[in-house]
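The values are calculated or read from the model by the stated rules, or taken from the named source; none is laboratory data. For clarity, every value in this text was computed on a predicted model and none was experimentally measured. All Cβ positions, glycine included, derive from the backbone under ideal geometry; neighbour counts span all protein chains shown. Accessible surface areas use protein heavy atoms only, side chains included; no ligands, DNA or RNA. Shrake-Rupley method; radii C 1.70, N 1.55, O 1.52, S 1.80 Å.
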Amino acid sequence: MALTPVGRQLHAELLPAYQRVQQAVANASAACRGLAGVLRVGFTAPWSGDLIVRAADVLNSRYPHCTVELQEVTYNAAIVALQSEDVDLVVAEPPVEDPAITVGPVVFSEPRALLVPADHPLAAQESLSLEDLAVLPLITAVGVSRAWRDAFFPRRTPQGRPIRHGPAAVGWQEVLSLVGVGKGATVASVRARHYHGRPDIVYVPFRDAPSVDYVLMWRDAGCTAELRAFISTVLEFIPEAVGRT
């Protein structure tokens, strides 16, 4: 699902007012209670980590006794960390199947790409179709939910062609290594090439695939005043974050 052009315009026009309301509520709560303590925030992509650092600096300038600790995690580890209360908030890719986890606003929406070995014929293409997923085996991730696997590593193309699944890996660097040596391809955002570029891998954008979204997620039962203040602070960065490649 995606916003229509009218929906995107409405979102852009309402967002500043929404952010001011959220900040006002957070400020009022802080004035009554005072904010203090450590927030633990997980992220699955380095650009999300950059966003968290900037937001954490602003939060700390407003509430000197409230700090943020960062933790880089794989997708499955991020959800497990939330469920086990090892982190208070994550920036990760939906879907998530746990009804106790709130899926909040999108902070990044990135074009999707297929990562292919540099010496494969697909690497010479300017863009690809989702039908090209049937050309190479997909390198998949270990331990992700069925819904997440279906969203990123489907078994069939939109036209029904079978998609082979190749080796699976636990971490991102392992996935890249498998692609680099020619074991198959994998799916990621185009932006990842700026952080994970390798001479043996080419990121080829899809022309007909949905974006890869990165959203704020937190436990319903764990939304403290401190966390609400930080979420409000992160939202202040959304206009510069969303859509930037």
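Taking the condition over 29 Å from L133 (Cα atoms), open to solvent by 10 Å² or more (accessible area, probe 1.4 Å) and at pLDDT 95 or above, does V38 pass? Judged against the criteria, V38 is a match. Exactly one residue out of P64, P121, P111 is touching a Phe, Trp or Tyr at 6+ places or on another chain (Cβ under 9 Å) and open to solvent by 20 Å² or more (accessible area, probe 1.4 Å): that is P111.
Evaluation of P167 against the conditions (1) in contact with a Gly (Cβ under 9 Å, 6 or more places away or on another chain); (2) in contact (Cβ under 8 Å) with a residue 60 or more places away in the chain shows that the sole unmet condition is (2).
Taken over the range 1-27, the residue count meeting the criterion of being open to solvent by less than 100 Å² (accessible area, probe 1.4 Å), over 12 Å from L235 (Cα atoms) and either modelled with pLDDT under 60 or in contact with an Asp or Glu (Cβ under 7 Å, 6 or more places away or on another chain) (or both) is 2.
Going residue by residue through the range 99-117, is there one that turns out to be part of a loop (DSSP other than H, G, I, E, B) and closer than 21 Å to P162 by Cα? Checked against the condition, which is being part of a loop (DSSP other than H, G, I, E, B) and closer than 21 Å to P162 by Cα, the range 99-117 yields no hits at all. Every condition in (1) surrounded by 15 or more Cβ atoms within 10 Å (Cβ to Cβ); (2) in contact (Cβ under 8 Å) with a residue 24 or more places away in the chain holds for E85 except the one numbered (1).
When I238 is tested against the conditions (1) under 17 Å from V106 (Cα atoms); (2) surrounded by fewer than 16 Cβ atoms within 10 Å (Cβ to Cβ), the lone failure is (2). Looking across the range 128-142, the residues that are over 22 Å from the mean Cα position of the chain (by Cα) and open to solvent by 30 Å² or more (accessible area, probe 1.4 Å) come down to D132, V135.
In the set V204, V135, V181, only one residue is free of Cβ contacts under 8 Å to residues at least 60 places away in the same chain and not hydroxyl-bearing (S, T, Y); that residue is V135. Each residue in the range 89-110 was checked for being closer than 15 Å to A188 by Cβ and more than 12 Å from the chain's Cα centre (by Cα), and 0 of them qualify.
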